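Everything below concerns the one structure shown next.
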Amino acid sequence: MKQKVAVIGAGNVGASTALYVAERGLADVTLIDIVEGLPQGKALDMQQAAPLWHQGGRIEGSNDLAAVAGADVVVMTAGFPRKPGMSRTDLLKANADIVRPAAEATKQHAPGALVVVVTNPLDVMAHLFWKVTGFPSQRVMGMAGILDSARLRAFIALELGVSGADVQAMVLGGHGDSMVPLPRFTSVGGIPITELIPAARIAEIAQRTRDGGAEIVKLLKTGSAYYAPAMSAVEMVAALLTDQKRLVPCSVLLEGQYGLKDVFLGVPVMLGGKGVEKILELKLSPDELAALQKSGKDVAASIAELAVGV
Ligand SMILES: NC(=O)c1ccc[n+]([C@@H]2O[C@H](COP(=O)([O-])OP(=O)(O)OC[C@H]3O[C@@H](n4cnc5c(N)ncnc54)[C@H](O)[C@@H]3O)[C@@H](O)[C@H]2O)c1
(Lines give C-alpha, C1' and ligand atoms only; values in the text may rest on other atoms or scores of the structure.)
Protein backbone atom coordinates (compact mmCIF):
# COMPACT_ATOMS: atom_id res chain seq x y z
CA MET A 1 0.00 0.00 0.00
CA LYS A 2 1.29 3.46 -0.83
CA GLN A 3 2.34 5.55 2.14
CA LYS A 4 0.55 8.72 3.13
CA VAL A 5 1.87 12.09 4.20
CA ALA A 6 -0.55 14.60 5.71
CA VAL A 7 0.57 18.21 5.52
CA ILE A 8 -1.25 20.53 7.90
CA GLY A 9 -1.21 24.07 6.50
CA ALA A 10 -1.53 24.70 2.77
CA GLY A 11 0.35 27.99 2.76
CA ASN A 12 3.77 28.59 1.28
CA VAL A 13 5.70 25.97 3.25
CA GLY A 14 2.87 23.42 3.35
CA ALA A 15 2.04 23.55 -0.35
CA SER A 16 5.74 23.40 -1.32
CA THR A 17 6.22 20.43 1.00
CA ALA A 18 3.25 18.65 -0.59
CA LEU A 19 4.64 19.39 -4.04
CA TYR A 20 8.11 18.02 -3.32
CA VAL A 21 6.72 14.87 -1.63
CA ALA A 22 4.41 14.20 -4.56
CA GLU A 23 6.96 15.08 -7.21
CA ARG A 24 9.47 12.65 -5.75
CA GLY A 25 6.75 9.99 -5.64
CA LEU A 26 7.41 9.47 -1.94
CA ALA A 27 3.77 9.10 -0.86
CA ASP A 28 0.17 10.11 -1.39
CA VAL A 29 -0.41 13.55 0.08
CA THR A 30 -3.30 15.11 1.95
CA LEU A 31 -3.10 18.87 2.32
CA ILE A 32 -5.15 20.39 5.17
CA ASP A 33 -5.96 24.04 5.87
CA ILE A 34 -8.73 26.08 7.50
CA VAL A 35 -9.25 28.27 4.45
CA GLU A 36 -12.09 26.80 2.44
CA GLY A 37 -11.07 25.65 -1.03
CA LEU A 38 -7.38 26.48 -0.59
CA PRO A 39 -6.05 22.97 0.10
CA GLN A 40 -8.49 21.44 -2.40
CA GLY A 41 -7.49 23.91 -5.11
CA LYS A 42 -3.75 23.51 -4.59
CA ALA A 43 -4.08 19.72 -4.38
CA LEU A 44 -6.05 19.59 -7.62
CA ASP A 45 -3.47 21.79 -9.32
CA MET A 46 -0.70 19.40 -8.19
CA GLN A 47 -2.73 16.35 -9.22
CA GLN A 48 -2.94 17.85 -12.69
CA ALA A 49 0.83 18.41 -12.70
CA ALA A 50 1.52 14.79 -11.69
CA PRO A 51 1.31 13.36 -15.23
CA LEU A 52 4.05 15.83 -16.19
CA TRP A 53 6.47 14.60 -13.55
CA HIS A 54 5.64 11.02 -14.46
CA GLN A 55 4.31 9.98 -11.08
CA GLY A 56 1.06 8.41 -10.10
CA GLY A 57 -0.17 9.02 -6.61
CA ARG A 58 -3.02 10.98 -5.12
CA ILE A 59 -2.94 14.54 -3.82
CA GLU A 60 -6.03 15.60 -1.94
CA GLY A 61 -7.14 18.67 -0.03
CA SER A 62 -9.33 18.98 3.06
CA ASN A 63 -10.54 21.52 5.60
CA ASP A 64 -10.93 18.83 8.25
CA LEU A 65 -8.03 17.99 10.58
CA ALA A 66 -9.47 14.46 10.80
CA ALA A 67 -8.08 13.96 7.28
CA VAL A 68 -4.71 13.17 8.92
CA ALA A 69 -6.21 9.69 9.42
CA GLY A 70 -3.95 6.95 8.13
CA ALA A 71 -0.93 9.21 7.71
CA ASP A 72 2.48 7.63 8.14
CA VAL A 73 4.00 11.09 8.51
CA VAL A 74 2.27 14.31 9.57
CA VAL A 75 4.04 17.55 8.66
CA MET A 76 2.85 20.49 10.74
CA THR A 77 3.26 23.76 8.85
CA ALA A 78 0.09 25.67 9.76
CA GLY A 79 0.76 28.91 11.55
CA PHE A 80 1.78 32.46 11.03
CA PRO A 81 5.20 33.24 9.66
CA ARG A 82 7.30 35.97 11.20
CA LYS A 83 6.57 39.45 9.92
CA PRO A 84 9.29 42.14 9.72
CA GLY A 85 10.08 43.39 13.19
CA MET A 86 8.34 40.43 14.82
CA SER A 87 10.43 38.11 16.99
CA ARG A 88 9.88 34.37 17.01
CA THR A 89 8.61 34.72 20.56
CA ASP A 90 5.84 37.05 19.35
CA LEU A 91 4.55 34.12 17.38
CA LEU A 92 4.30 31.94 20.44
CA LYS A 93 0.72 32.50 21.50
CA ALA A 94 -0.85 32.70 18.04
CA ASN A 95 0.80 29.55 16.79
CA ALA A 96 0.28 27.55 19.99
CA ASP A 97 -3.46 27.99 19.41
CA ILE A 98 -3.03 26.49 15.94
CA VAL A 99 -0.70 23.66 17.00
CA ARG A 100 -2.84 22.38 19.90
CA PRO A 101 -5.89 21.28 17.83
CA ALA A 102 -3.63 19.87 15.11
CA ALA A 103 -1.81 17.76 17.69
CA GLU A 104 -5.13 16.64 19.24
CA ALA A 105 -6.37 15.54 15.81
CA THR A 106 -3.12 13.69 15.12
CA LYS A 107 -3.34 11.92 18.46
CA GLN A 108 -6.92 10.88 17.73
CA HIS A 109 -6.81 10.06 14.03
CA ALA A 110 -3.18 9.16 13.28
CA PRO A 111 -1.95 7.65 16.54
CA GLY A 112 0.95 5.80 14.93
CA ALA A 113 2.26 8.68 12.84
CA LEU A 114 5.72 10.20 12.82
CA VAL A 115 5.54 13.99 13.12
CA VAL A 116 7.72 16.68 11.58
CA VAL A 117 6.96 20.10 13.05
CA VAL A 118 7.84 23.20 11.01
CA THR A 119 5.67 25.87 12.62
CA ASN A 120 7.62 28.58 14.47
CA PRO A 121 8.86 29.20 17.07
CA LEU A 122 10.10 25.80 16.05
CA ASP A 123 11.56 24.18 19.14
CA VAL A 124 8.68 25.32 21.34
CA MET A 125 6.01 24.19 18.87
CA ALA A 126 7.68 20.78 18.52
CA HIS A 127 7.66 20.49 22.30
CA LEU A 128 3.99 21.49 22.42
CA PHE A 129 3.02 19.02 19.68
CA TRP A 130 4.82 16.25 21.54
CA LYS A 131 3.18 17.15 24.88
CA VAL A 132 -0.34 17.30 23.45
CA THR A 133 -0.07 14.02 21.54
CA GLY A 134 1.69 12.17 24.32
CA PHE A 135 3.59 10.32 21.57
CA PRO A 136 6.97 8.78 22.38
CA SER A 137 9.51 11.56 21.82
CA GLN A 138 11.18 9.39 19.18
CA ARG A 139 8.21 10.10 16.89
CA VAL A 140 8.06 13.91 17.15
CA MET A 141 10.81 16.10 15.71
CA GLY A 142 11.26 19.66 14.58
CA MET A 143 12.74 20.83 11.27
CA ALA A 144 15.30 23.59 11.58
CA GLY A 145 18.84 22.23 11.69
CA ILE A 146 18.73 20.88 8.13
CA LEU A 147 17.56 24.29 6.88
CA ASP A 148 20.07 26.25 8.93
CA SER A 149 22.84 23.90 7.77
CA ALA A 150 21.68 24.21 4.15
CA ARG A 151 21.89 27.99 4.47
CA LEU A 152 25.43 27.75 5.83
CA ARG A 153 26.31 25.30 3.03
CA ALA A 154 24.88 27.66 0.42
CA PHE A 155 26.80 30.67 1.74
CA ILE A 156 30.08 28.70 1.85
CA ALA A 157 29.46 27.42 -1.68
CA LEU A 158 28.92 31.00 -2.87
CA GLU A 159 32.03 32.17 -1.04
CA LEU A 160 34.28 29.54 -2.59
CA GLY A 161 32.52 29.23 -5.93
CA VAL A 162 32.01 25.49 -5.45
CA SER A 163 28.95 23.26 -5.61
CA GLY A 164 26.80 23.34 -2.51
CA ALA A 165 26.51 19.58 -2.85
CA ASP A 166 30.16 19.27 -1.76
CA VAL A 167 29.70 21.35 1.37
CA GLN A 168 28.82 19.57 4.60
CA ALA A 169 27.79 21.55 7.66
CA MET A 170 26.31 21.12 11.08
CA VAL A 171 24.24 23.84 12.76
CA LEU A 172 22.93 23.03 16.21
CA GLY A 173 20.87 24.76 18.87
CA GLY A 174 17.53 26.51 18.79
CA HIS A 175 16.09 27.80 15.53
CA GLY A 176 16.60 31.45 16.30
CA ASP A 177 19.11 34.06 17.16
CA SER A 178 20.95 31.66 19.45
CA MET A 179 21.53 28.92 16.87
CA VAL A 180 25.01 27.41 16.97
CA PRO A 181 26.83 27.01 13.63
CA LEU A 182 29.85 24.74 14.13
CA PRO A 183 32.70 25.64 11.72
CA ARG A 184 34.72 22.79 13.22
CA PHE A 185 32.23 20.31 11.75
CA THR A 186 31.97 22.08 8.40
CA SER A 187 33.89 20.86 5.39
CA VAL A 188 34.12 21.09 1.60
CA GLY A 189 34.82 17.82 -0.17
CA GLY A 190 36.16 16.53 3.14
CA ILE A 191 38.49 19.52 3.69
CA PRO A 192 37.81 21.37 6.95
CA ILE A 193 36.45 24.85 6.26
CA THR A 194 39.04 26.29 8.62
CA GLU A 195 41.67 25.38 5.98
CA LEU A 196 39.85 27.24 3.23
CA ILE A 197 38.37 30.42 4.70
CA PRO A 198 39.94 32.78 7.28
CA ALA A 199 38.39 32.68 10.74
CA ALA A 200 37.03 36.25 10.59
CA ARG A 201 35.23 35.54 7.32
CA ILE A 202 33.83 32.27 8.71
CA ALA A 203 32.42 34.26 11.61
CA GLU A 204 30.69 36.64 9.16
CA ILE A 205 29.22 33.73 7.21
CA ALA A 206 28.03 32.12 10.45
CA GLN A 207 26.30 35.38 11.38
CA ARG A 208 24.62 35.60 7.97
CA THR A 209 23.38 32.04 8.57
CA ARG A 210 21.97 33.07 11.96
CA ASP A 211 20.17 35.94 10.23
CA GLY A 212 19.26 33.77 7.23
CA GLY A 213 15.52 33.77 7.85
CA ALA A 214 15.36 37.47 8.70
CA GLU A 215 17.28 38.43 5.53
CA ILE A 216 14.57 36.78 3.42
CA VAL A 217 11.69 38.24 5.49
CA LYS A 218 13.18 41.69 4.90
CA LEU A 219 13.24 41.15 1.15
CA LEU A 220 9.84 39.49 0.79
CA LYS A 221 8.10 41.91 3.18
CA THR A 222 4.87 39.90 3.27
CA GLY A 223 6.08 36.44 4.20
CA SER A 224 9.03 34.27 5.06
CA ALA A 225 11.21 31.73 3.28
CA TYR A 226 9.57 28.57 2.01
CA TYR A 227 11.45 26.79 -0.78
CA ALA A 228 14.46 25.77 1.32
CA PRO A 229 12.31 25.16 4.43
CA ALA A 230 9.96 22.85 2.52
CA MET A 231 12.87 21.05 0.88
CA SER A 232 14.43 20.56 4.33
CA ALA A 233 11.19 19.13 5.73
CA VAL A 234 11.01 16.73 2.79
CA GLU A 235 14.59 15.54 3.51
CA MET A 236 13.23 14.44 6.86
CA VAL A 237 10.04 12.93 5.42
CA ALA A 238 12.09 10.92 2.92
CA ALA A 239 14.47 9.70 5.65
CA LEU A 240 11.49 8.55 7.72
CA LEU A 241 9.48 6.92 4.93
CA THR A 242 12.42 5.06 3.42
CA ASP A 243 14.34 4.33 6.62
CA GLN A 244 17.46 6.11 5.41
CA LYS A 245 19.36 6.42 8.73
CA ARG A 246 20.36 9.97 7.82
CA LEU A 247 22.68 11.75 10.21
CA VAL A 248 21.25 15.27 10.33
CA PRO A 249 20.54 17.98 12.87
CA CYS A 250 16.90 18.03 14.04
CA SER A 251 15.09 19.50 17.00
CA VAL A 252 14.39 16.64 19.41
CA LEU A 253 13.59 16.14 23.06
CA LEU A 254 16.74 16.17 25.16
CA GLU A 255 16.72 14.11 28.31
CA GLY A 256 20.07 14.91 29.83
CA GLN A 257 22.17 15.06 26.65
CA TYR A 258 24.37 18.15 26.50
CA GLY A 259 23.34 18.85 30.10
CA LEU A 260 19.79 19.76 29.00
CA LYS A 261 16.49 18.26 30.02
CA ASP A 262 12.83 18.48 28.92
CA VAL A 263 13.63 20.82 26.07
CA PHE A 264 13.52 20.41 22.28
CA LEU A 265 16.73 21.60 20.67
CA GLY A 266 18.66 21.03 17.47
CA VAL A 267 21.28 18.30 17.83
CA PRO A 268 22.68 15.65 15.48
CA VAL A 269 20.39 12.64 15.25
CA MET A 270 19.96 9.52 13.17
CA LEU A 271 16.63 9.57 11.31
CA GLY A 272 15.10 6.33 10.16
CA GLY A 273 11.84 4.46 9.88
CA LYS A 274 11.21 4.61 13.61
CA GLY A 275 11.83 8.35 13.79
CA VAL A 276 14.68 9.66 15.92
CA GLU A 277 16.65 6.43 16.23
CA LYS A 278 19.69 7.89 17.94
CA ILE A 279 20.78 11.19 19.46
CA LEU A 280 24.49 11.86 19.01
CA GLU A 281 26.26 13.54 21.84
CA LEU A 282 29.29 15.30 20.34
CA LYS A 283 32.26 16.30 22.42
CA LEU A 284 31.88 20.06 22.23
CA SER A 285 34.43 22.68 23.23
CA PRO A 286 33.52 24.67 26.36
CA ASP A 287 32.49 27.64 24.14
CA GLU A 288 30.34 25.50 21.86
CA LEU A 289 28.68 23.77 24.81
CA ALA A 290 28.00 27.11 26.51
CA ALA A 291 26.38 28.42 23.29
CA LEU A 292 24.22 25.31 23.01
CA GLN A 293 23.18 25.52 26.64
CA LYS A 294 22.30 29.18 26.26
CA SER A 295 20.19 28.27 23.25
CA GLY A 296 18.50 25.57 25.35
CA LYS A 297 17.79 28.07 28.10
CA ASP A 298 16.09 30.43 25.61
CA VAL A 299 13.85 27.62 24.37
CA ALA A 300 13.11 26.46 27.94
CA ALA A 301 12.04 30.00 28.85
CA SER A 302 9.53 30.05 25.98
CA ILE A 303 8.23 26.61 26.93
CA ALA A 304 7.75 27.89 30.49
CA GLU A 305 5.96 30.98 29.14
CA LEU A 306 3.50 28.68 27.32
CA ALA A 307 3.03 26.49 30.38
CA VAL A 308 1.85 29.48 32.40
CA GLY A 309 -0.90 30.04 29.87
CA VAL A 310 0.37 32.35 27.15
N1 LIG B 1 11.18 25.64 11.05
C2 LIG B 1 11.60 26.40 10.09
O3 LIG B 1 12.76 26.44 9.80
C4 LIG B 1 10.61 27.25 9.33
C5 LIG B 1 10.93 27.78 8.09
C6 LIG B 1 9.98 28.50 7.39
C7 LIG B 1 8.73 28.72 7.95
N8 LIG B 1 8.45 28.23 9.18
C9 LIG B 1 7.14 28.44 9.80
O10 LIG B 1 6.16 27.66 9.14
C11 LIG B 1 4.89 28.26 9.32
C12 LIG B 1 4.18 28.42 7.98
O13 LIG B 1 4.85 29.32 7.15
P14 LIG B 1 4.26 29.70 5.71
O15 LIG B 1 5.25 30.56 5.05
O16 LIG B 1 3.77 28.47 5.03
O17 LIG B 1 2.99 30.58 6.13
P18 LIG B 1 1.67 30.84 5.28
O19 LIG B 1 0.98 31.99 5.89
O20 LIG B 1 1.99 30.87 3.82
O21 LIG B 1 0.80 29.53 5.54
C22 LIG B 1 0.25 29.20 6.77
C23 LIG B 1 -1.05 28.46 6.50
O24 LIG B 1 -1.56 27.98 7.75
C25 LIG B 1 -2.98 28.03 7.62
N26 LIG B 1 -3.61 27.95 8.94
C27 LIG B 1 -3.72 28.91 9.87
N28 LIG B 1 -4.39 28.44 10.94
C29 LIG B 1 -4.69 27.14 10.67
C30 LIG B 1 -5.38 26.12 11.39
N31 LIG B 1 -5.87 26.35 12.61
N32 LIG B 1 -5.50 24.90 10.82
C33 LIG B 1 -5.02 24.68 9.57
N34 LIG B 1 -4.37 25.60 8.85
C35 LIG B 1 -4.21 26.83 9.39
C36 LIG B 1 -3.23 29.34 6.91
O37 LIG B 1 -4.53 29.39 6.36
C38 LIG B 1 -2.12 29.34 5.87
O39 LIG B 1 -2.57 28.77 4.65
C40 LIG B 1 5.15 29.58 10.04
O41 LIG B 1 4.96 29.42 11.42
C42 LIG B 1 6.61 29.84 9.73
O43 LIG B 1 7.22 30.70 10.67
C44 LIG B 1 9.37 27.50 9.87
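Some observations on this one:
- Here region 172-310 is treated with +1 on each Lys and Arg Cβ and -1 on each Asp and Glu Cβ, and its dipole about the Cα centre works out to around 160 debye.
- Region 1-91, accessible area per residue, ligands and nucleic acids excluded (1.4 Å, Å²): 47 Å²
- Cα centre as origin, Lys/Arg/Asp/Glu Cβ charges: the chain dipole, Debye: 120 debye
- Heavy-atom surface of region 147-272, accessible at 1.4 Å and reported per residue (Å²): 43 Å²
- On the chain, 56 percent of the accessible area sits on carbon and sulfur atoms, based on a 1.4 Å probe.
- P(r) tail fraction, the chain - alpha-carbon pairs more than 28 Å apart, %: 35 percent
- Normalised by residue count, region 149-245 yields a Cα convex hull volume of 117 Å³ per residue.
- GNM result for the chain, Cα springs below 10 Å: residue of 205, 216, 32 fluctuating most strongly: 216
- Heavy-atom accessible area for residue 184, with the other protein chains in place and a 1.4 Å probe, reaches approximately 120 Å².
- Between amide H atoms placed 1.01 Å from N, distances below 5 Å from residue 3 occur with 28, all of them 5 or more places distant or on a separate chain.
- Around the amide H of residue 246, modelled in the peptide plane, lie the amide H atoms of 271, all under 5 Å away and 5 or more residues distant in sequence or on another chain.
- Helix runs (DSSP H) in the chain reaching 20 Å along axis by Cα, Kyte-Doolittle at least 0.0: 145-160, 227-241, 286-307
- Computed with the Debye formula from one identical point scatterer per Cα of region 122-181, without solvent, the log10 of I(q)/I(0) at q = 0.28, 0.29 Å⁻¹ comes to -1.06, -1.09.
- Comparing Cα centroids, region 211-241 and region 247-310 end up 20 angstrom apart.
- The eigenvalues of the Cα gyration tensor, multiplied by 5 and square-rooted, give region 1-137 an equivalent ellipsoid with semi-axes of 25, 17, 12 Å from largest to smallest.
The values are calculated or read from the model by the stated rules, or taken from the named source; none is laboratory data. What you are looking at is a predicted structure, and each value in this text was computed from that prediction instead of being measured. Note that each Cβ is placed from the backbone with ideal geometry, even for glycine, and that neighbours are counted across all protein chains shown. Each accessible area value is taken on the protein alone, full model and side chains, heavy atoms only, with ligands, DNA and RNA left out. Shrake-Rupley method; radii C 1.70, N 1.55, O 1.52, S 1.80 Å.
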